[in-house]
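To keep things clear, I will list the structure first and then write my remarks on it.
The values are calculated or read from the model by the stated rules, or taken from the named source; none is laboratory data. Predicted model, so just to flag it, every value in this text is computed and none were measured. Don't worry about glycine lacking a Cβ; one is built from the backbone with ideal geometry, like all the others, and counts go over all protein chains shown. For accessibility, only protein heavy atoms count, side chains too; no ligands or nucleic acids. Shrake-Rupley method; radii C 1.70, N 1.55, O 1.52, S 1.80 Å.
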Amino acid sequence: MNKLLLQDTFDRFLVSEASITTFTTFSIDGQLHADFYDTEKAKELKAQERTQVTWQEIKPFCYSVIKGRRTPLAFKFVFQLPSDEVDLLLARSGLPLTPQDVFGLFFNCQYHGESLTLTTGSSLRIFTMDKSLDQAWDGMLEDFLRQQELE
């Protein structure tokens, strides 16, 4: 929890969705609304073609909901690998996919009262039975977690 909520370990990941259940359930859809910001910041975000928030941007809110004397009943965070890192993974793995073929590489972090579970998933814009991308993504995430000293 320390690495998730208090350190910058996951800050670079995009957030596809988040929910935290305490006395009620708080839900975040992860969508970035650039029009909320002043004109300059909105232009910057639109130029970057960002449509999702990063963990760094919403982590303080999530922490404020979770912190306290009582452990949350549950939470679920669905993280997505940023597109520039998807490009790197494809280049390193030598897979016959283009960055445009990949809609997203996701990992779910779920807590339900007693245990924390991480699962991965991929979403492609093309159909394939080949699971090489899933295997490369799993390996990349395992390496990341090991480097961060997370089991």
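Quick check for me: using +1 on Lys/Arg Cβ and -1 on Asp/Glu Cβ, what's the dipole size of the chain about its Cα centre, in debye to the nearest 20?
480
Gap in Å between the Cα centre of region 128-149 and the Cα centre of region 47-92?
That distance is 18 Å.
With a 1.4 Å probe and every protein chain left in place, tell me how much accessible area MET1 has, in Å² to the nearest 10.
110
Under the rule a/c < 1.5 gives rounded, and otherwise a/b versus b/c splits prolate from oblate, where does the chain land using the Cα gyration tensor?
Verdict is oblate for the chain.
Tell me the relative contact order for the chain as a rounded percent, counting alpha carbon contacts under 8 Å between residues six or more apart.
Rounded, it is 21 percent for the chain.
Using a Förster distance of 35 angstrom, determine the FRET efficiency expected from the C-beta separation of ASP101 and ALA47, and round it to 0.05.
That gives a FRET efficiency of 0.90.
Could you order the peptides 97-106, 47-56 from most to least packed, using the average number of other C-beta atoms within 10 Å per residue?
Result, highest mean Cβ count within 10 Å first: 97-106, 47-56.
When the accessible area of the chain is split by element with a 1.4 Å probe, what percent falls to carbon and sulfur?
Accessible surface attributable to carbon and sulfur in the chain totals 50 percent.
Would you please put 59-65, 116-122 in order of how densely packed they are, using the mean number of other Cβ atoms within 10 angstrom per residue and starting with the highest?
Those peptides, ordered most packed to least, come out 59-65, 116-122.
For region 1-41, list residues with backbone N below 15 Å from a point placed 7 Å from the Cα of LEU88 toward its Cβ?
Answer for this model: 9-14.
Calculate, for region 4-151, the solvent-accessible area per residue in square angstrom, rolling a 1.4 angstrom probe over the heavy atoms of the protein chains.
Solvent-accessible surface per residue comes out at 64 Å².
Obtain the nm distance between the two label points defined at THR24 and LEU118 by a simple spin-label model: each point lies 7 Å from its Cα along the Cα-to-C-beta direction.
Taking the simple label geometry, THR24 and LEU118 are separated by 3.3 nm.
HIS33 to ASN108: FRET efficiency via 1/(1 + (r/R0)^6), r the Cβ-Cβ distance, R0 35 Å, to the nearest 0.05? List each step's numbers first, then the result.
Details: r = 24 Å, r/R0 = 0.68.
Result of the calculation: an efficiency of 0.90.
Rounded to whole Hz and in sequence order, give me ³J(HN,Hα) for region 73-88 from the Karplus expression 6.51 cos²θ - 1.76 cosθ + 1.60, θ = phi - 60°, writing x for Gly and Pro.
5, 6, 8, 9, 10, 10, 9, 10, 5, x, 4, 5, 7, 5, 4, 5
How many percent of the alpha carbon pairs in region 17-66 exceed a separation of 11 Å? Numbers along the way, then the final one.
Numbers: 879 of 1225 pairs.
In whole percent, the long-distance tail amounts to 72.
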